[in-house]
Amino acid sequence: DITVKQLFSDQHFAEDEQITLHGWVKTVRGSKRVGFIELSDGSCFKRAQIVMQSDLPNYEELTKLPISSTIGVTGTVVYTPEAKQPLEIHAESIELEGHSDNDYPLQKKKHTYEYLRTMAHLRPRTNTFYAVFRIRSLAAFAIHQYLQSEDFVYVNTPIITSSDAEGAGEMFRVTTLDMENLPRTEDGKVDDHEDFFKKETNLTVSGQLAVEPFALAFKNVYTFGPTFRAENSHTSRHAAEFWMIEPEMAFADLKDVIVEAEGLLKYVVSYLFDHAMDELQFLNDNVDEHLIERLTKTREEPFAQITYTEAIDLLQKADVDFEVPVYWGLDLESEHERYLSEQVFKKPVFLTDYPKDIKAFYMRVNDDDKTVAAVDLLVPEIGELIGGSQREEREDVLAAKIKELDMPMEEYQWYLDLRKYGETEHSGFGIGFERLLMYVTGMENIRDVIPYPRTPGNAEF
Ligand code: 4AD
Ligand code: MG
């Protein structure tokens, strides 16, 4: 038996060589004399064109097969250089292996993404979602390949944590406590010491704090795993469960973050051009007509770079009525981020040196004492794709910050230890994997690049 992928590979099949394929019927049409089945076996985006003559004993039944029936086809390869398809299979026998009901919900017409979200178990069979989830797998592989080739060590950081890495308080609580009869301390608070871990625990919002110690042992490291945020954001770019890639580098400053982030994105795009051209072409033709053009530019052209302060200036001069007015100190909204990357630069742009008050406690304070060595990468169609920074390596400055924010000092002693024992300049960044997928597929809703999306009010399957 062979696969459709093998059929279309360079591996040559002799004209009239007999082969057998198993797959799902995608379309079927038949006349009195001859019928055609488009067969997909999942091995690649392409489908095999099966030609059946009416002298097949079960011809009648075959022409009436419901979509998604499973069949086994034995036949010969016939090359058709003049036709749209380079080759077809002339069936000698076709066996029905798995029946499909006539009410199969994915008929040939184009369904809306909203409708398809109600059937996460069937949508990977559509062309669009097949392409998206194949790209999801390839992009993950490309990221590992790039980072490993740059000598980054992959570190698995915990999913259950007791710290709020981003200090944003948007965490999902992990508990075994009986909600009906919560144990209380004397002052009436929930007593986390009675819980499984003897302390309050949450699902991780970021692996960064846990990966930093490894950067100070291995120099270059990264996490790539699921992260969770209980932001009640009903947007097309926020998910409650998403994956993040977080590279962290010792002996590296903000400039190194920018170089590494750009190199990684360019590599992923190149990798997809080399390994997913059928999928990208389909998405370009059916989902986002500018996709390939945008990705080509991403791969070929250097990204832009300005400071936050320069960005505020550009936004204030812009002839646009933003919903949220712009002032220095504003935590930019996606309308501002998209204006910069789509209208001003028309490509990805790094923004550096944000006001310290809107950024996390671990970012290194600049000499102006007003900004931090932070960087976000803003890209067209999405807005923020990457957030990163140089980390505050000065023990006294960091300790003062933790105190100022009223964070529990004893919980961060280990983090301060990193500055105490062999401190060094170090920096890192986080890429939202799903936002990257939106960028490279043209899909406009984060729910449509996640196999089983989790968003407020939705945890189906
Ligand atoms: O900017 P964020 O919050 O940065 C961090 O978590 C740092 N610890 C990263 C680091 O320096 N190691 O998140 C990083 C990226 C964002 O730029 C965005 O792409 C993505 O994660 N992201 C989300 N993606 C989907 N849904 C959400 N709710 C997201 N929140 C952040
Ligand atoms: Mg951010």
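The values are calculated or read from the model by the stated rules, or taken from the named source; none is laboratory data. This is a predicted model, so every value here is computed, not measured. Here the Cβ is made from the backbone with ideal geometry for all residues, glycine too, and neighbour counts use every protein chain on show.
Could you say whether any residue in the range 285-295 is surrounded by 15 or more Cβ atoms within 10 Å (Cβ to Cβ) and assigned to a loop (DSSP other than H, G, I, E, B)? Yes: the range 285-295 contains one or more residues that are surrounded by 15 or more Cβ atoms within 10 Å (Cβ to Cβ) and assigned to a loop (DSSP other than H, G, I, E, B). Being modelled with pLDDT of 95 or more and farther than 29 Å from residue 443 by Cα is a property that residue 75 has. Based on this model, can you work out whether residue 345 counts as at pLDDT 95 or above and over 30 Å from residue 424 (Cβ atoms)? Yes.
Any idea how many residues of the range 107-121 are more than 20 Å from residue 243 (Cβ to Cβ) and touching a helix residue (DSSP H, G or I) at 6+ places or on another chain (Cβ under 8 Å)? Please lay out each step first, then the result.
Going residue by residue through the range 107-121, those that are more than 20 Å from residue 243 (Cβ to Cβ) are 107-116, 118-119, 121.
Then keep just the ones that are touching a helix residue (DSSP H, G or I) at 6+ places or on another chain (Cβ under 8 Å); that gives 113, 116.
Residues meeting the conditions: 2.
Residue by residue, here is whether (1) within 15 Å of ligand 1 (Cβ to nearest atom); (2) among the β-branched types (Val, Ile, Thr); (3) touching a helix residue (DSSP H, G or I) at 6+ places or on another chain (Cβ under 7 Å) holds:
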| site | (1), (2), (3) |
| --- | --- |
| 322 | no, no, yes |
| 362 | yes, no, no |
| 366 | no, no, no |
| 410 | no, no, no |
| 415 | yes, no, yes |
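Evaluate the following for residue 87: is it out of contact with any Cys (no Cβ under 7 Å at 6 or more places or on another chain) and more than 16 Å from residue 8 (Cβ to Cβ)? Write out each step before concluding.
Working: out of contact with any Cys (no Cβ under 7 Å at 6 or more places or on another chain): yes; more than 16 Å from residue 8 (Cβ to Cβ): no.
No: the conditions fail for residue 87.
Could you please let me know if residue 249 is of a type in the set (A, V, I, L, M, F, W, C), more than 18 Å from the chain's Cα centre (by Cα) and either within 16 Å of ligand 2 (Cβ to nearest atom) or within 26 Å of residue 150 (Cα to Cα) (or both)? The answer is yes for residue 249. Take residue 151 and decide whether it is at pLDDT 95 or above, of a type in the set (Asp, Glu), more than 21 Å from residue 7 (Cβ to Cβ) and out of contact with any helix residue (DSSP H, G or I) (no Cβ under 8 Å at 6 or more places or on another chain). The answer is yes for residue 151.
If the condition is being away from ligand 1 (no atom under 16 Å from the Cβ) and surrounded by 11 or more Cβ atoms within 10 Å (Cβ to Cβ), then the range 387-400 contributes 394, 395, 397, 399, 400.
On the stretch given as the range 403-455, residues that are within 29 Å of the chain's Cα centre (by Cα) and without any contact (Cβ under 8 Å) to a residue 24 or more places away in the chain total 0. Criterion applied to 378, 436 was being at pLDDT 95 or above, under 26 Å from residue 321 (Cβ atoms), assigned by TED's automatic domain parsing to the domain that holds residue 138 and in contact with a helix residue (DSSP H, G or I) (Cβ under 8 Å, 6 or more places away or on another chain), and the one residue passing it is 378.
Each row is one residue, and each column tells you yes or no for (1) closer than 22 Å to residue 390 by Cα; (2) within 21 Å of the chain's Cα centre (by Cα).
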| site | (1), (2) |
| --- | --- |
| 136 | no, yes |
| 153 | yes, yes |
| 164 | yes, no |
| 190 | no, no |
| 222 | yes, yes |
| 227 | yes, yes |
| 237 | no, yes |
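Scanning the range 89-99 turns up one or more residues that are surrounded by fewer than 13 Cβ atoms within 10 Å (Cβ to Cβ) and out of contact with any strand residue (DSSP E or B) (no Cβ under 6 Å at 6 or more places or on another chain). Go over the candidates 206, 270, 233 one by one and state the one that is hydroxyl-bearing (Ser, Thr, Tyr), more than 16 Å from ligand 2 (Cβ to nearest atom) and out of contact with any Phe, Trp or Tyr (no Cβ under 6 Å at 6 or more places or on another chain). After ruling out the rest, the residue left standing is 270.
If the condition is being in contact with a Phe, Trp or Tyr (Cβ under 7 Å, 6 or more places away or on another chain) and touching a residue at least 40 places away in the same chain (Cβ under 8 Å), then the range 163-195 contributes 167, 172.
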